[in-house]
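Down below is the structure, laid out as structure tokens.
Just so it is clear, none of the values below were taken in a lab; they were calculated from the coordinates. Just so it is clear, the structure is predicted and the values come from calculations on it, not from any experiment. Using ideal geometry, Cβ is built from the backbone for each residue, glycine included, and neighbour counts are taken over all protein chains shown.
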Amino acid sequence: MAMMKAWSFGLVLLLLSFYYPVNGADNKNSSLGASFIFGDSLVDAGNNNYLPTLSRANIPPNGIDFRASGGNPTGRDTNGRTIGDIVGEELGVPNYAVPYLAPNSTGKAILYGVNYASGGGGIMNATGRIFVNRLGLDIQIDFFNNTRKQFDTLLGSSKAKDYISKRSIFSVTIGANDFLNNYLLPVLSVGARISQSPDGFIDDMITHLRNQLTRLYQLDARKFVVGNVGPIGCIPYQKTINQLNENECVDLANKLAIQYNGRLKDLLTELNGKLPGAIFVHANVYDLVMDLIVNYKKYGIISGGSNRFSASVTFFDYSLKPIFFHVGFTTASKACCGNGGQFAGIIPCGPTSSMCDDREKHVFWDPYHPSEAANLIIAQQLLNGNTKVISPVNLKQLRNL
């Protein structure tokens, strides 16, 4: 896996490659049409703000480093940008994909893309019921069907089909909640686990996802990137409630993720051979995040606009604003924002939570979600990585097909 492993000039150049603005040389002649984002809280940009739900992130200090909002919360479950935001920027989309449920998701705003993701959502319709309301993937695709009709109105049917099928990317980041907030949910899922084996549950997930992706294809989606489930047994919440040590992870949760991920890869290979004109890209998020968790001290990030930490090297971006380079996260176990237990992993991030001072040095922002610093590293690999990370092509190659 092409990973950042040492303090070196090559590493500096690699990291600089994803800091600079999206109007650089790489994007001068090629840009994405629209970014359509489906998934859960890892990529939710604010849809849950408009739902009566227990899964919300529209309270401070969430979004504290999100420059587009001036540091105000937007509904993103992180301190800054999600992976979807970063990828869209790097692929040349001038604006973030607007949340479908937001009042401004109309007219020409949707030409840059729409975000349908919802915190608590999953592949299975029962997933996330503990949050009262959330948008599962079936509902998200229902909403895209509405957007698809709007594109016909805006562009005409022929241009709309071309724009969606040839110039747009459909990203799907989902599946973790189907385990964490469905099959593995304490108390509420005991009956399900007795009546259905892990194999049976994963079979159902794959069957549902096959139908969901095929439905998007029938609505003219052609360029897909589908992420597998990360190492959910290693998040601060799981470590805290299971009273694990810093270097331990919940074995069952990770085994289920690995089992599902193998089936997902087979599914995407199947769909690549079955649906003419489509390309399904497999994003190996599990290995990316696991390597980041295990080797966190060897990873570095560039951070701009802040003097919070001591910098070993100072560079300048094109607008001459100082940016700082540091090496090494300090923890991949403890949440930066949260409360409860050794890893601050029980109570979600909110106004009464304790918050770290060195947000750029924490892999996890809260008990469940990566920090913007971690999202930057993951996104860079998805954009430029080799086939061990993302296959059969990376996201910059997918954009240009």
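For residue 265, go through the lysines and keep the ones whose alpha-carbon is under 19 Å away, minus same-chain ones fewer than eight residues off. By straight Cα distance, residue 265 reaches 223, 255, 274, 388.
Here the spin labels are modelled as points 7 Å beyond Cα on the Cα-Cβ line, and at residue 162 and residue 294 they lie 4.8 nm apart. Return the FRET efficiency for the residue pair residue 352, residue 54: r is the Cβ-Cβ distance, R0 is 22 Å, and the value is rounded to the nearest 0.05. FRET efficiency, residue 352 to residue 54: 0.85.
Computed extension gain for residue 72 through residue 139, at 0.36 nm per residue and net of the alpha carbon distance, reaches 21.3 nm.
With an 8 Å Cα cut-off and a minimum separation of 6 or more residues, compute the relative contact order for region 9-400 in percent. Don't jump to the answer; show the numbers that get you there.
Working: 811 pairs, mean separation 62.8, N = 392.
Rounded, it is 16 percent for region 9-400.
Taking amide H as placed 1.01 Å from N in the peptide plane, residue 135 has its amide H under 5 Å from the amide H of 121, each at least 5 places away in sequence or on another chain.
Amide H contacts for residue 331 (H built 1.01 Å from N in the peptide plane; partners 5 or more residues away or on another chain; cut-off under 5 Å): 363. Proximity of backbone amide H atoms, modeled 1.01 Å from N, is registered between residue 338 and 354 at under 5 Å, excluding neighbours fewer than 5 places apart on the same chain. Charged side chains reduced to their Cβ positions (Lys and Arg at +1, Asp and Glu at -1) give region 9-400 a dipole of some 780 debye around its Cα centre.
Which aspartates and glutamates does residue 297 reach when only Cα atoms under 16 Å apart count, and residues fewer than 8 places away in its own chain are ignored? The qualifying aspartates and glutamates are 246, 358, 360.
Between the beta carbons of residue 400 and residue 204, assuming R0 = 41 Å, the FRET efficiency works out to 0.70 to the nearest 0.05.
Net charge near residue 136: determine it from the other residues with C-beta under 14 Å of the C-beta of residue 136, scoring Lys and Arg +1 and Asp and Glu -1. Show your work: numbers first, answer last.
Values: positive: 129, 134, 215; negative: 40, 44, 138, 142, 178, 204.
Net local charge, residue 136 excluded: -3.
Cα centroids of region 37-59 and region 223-292: 21 Å apart. By the count of neighbouring beta-carbon atoms within 10 Å, fewest first, 390, 139 end up ordered 139, 390.
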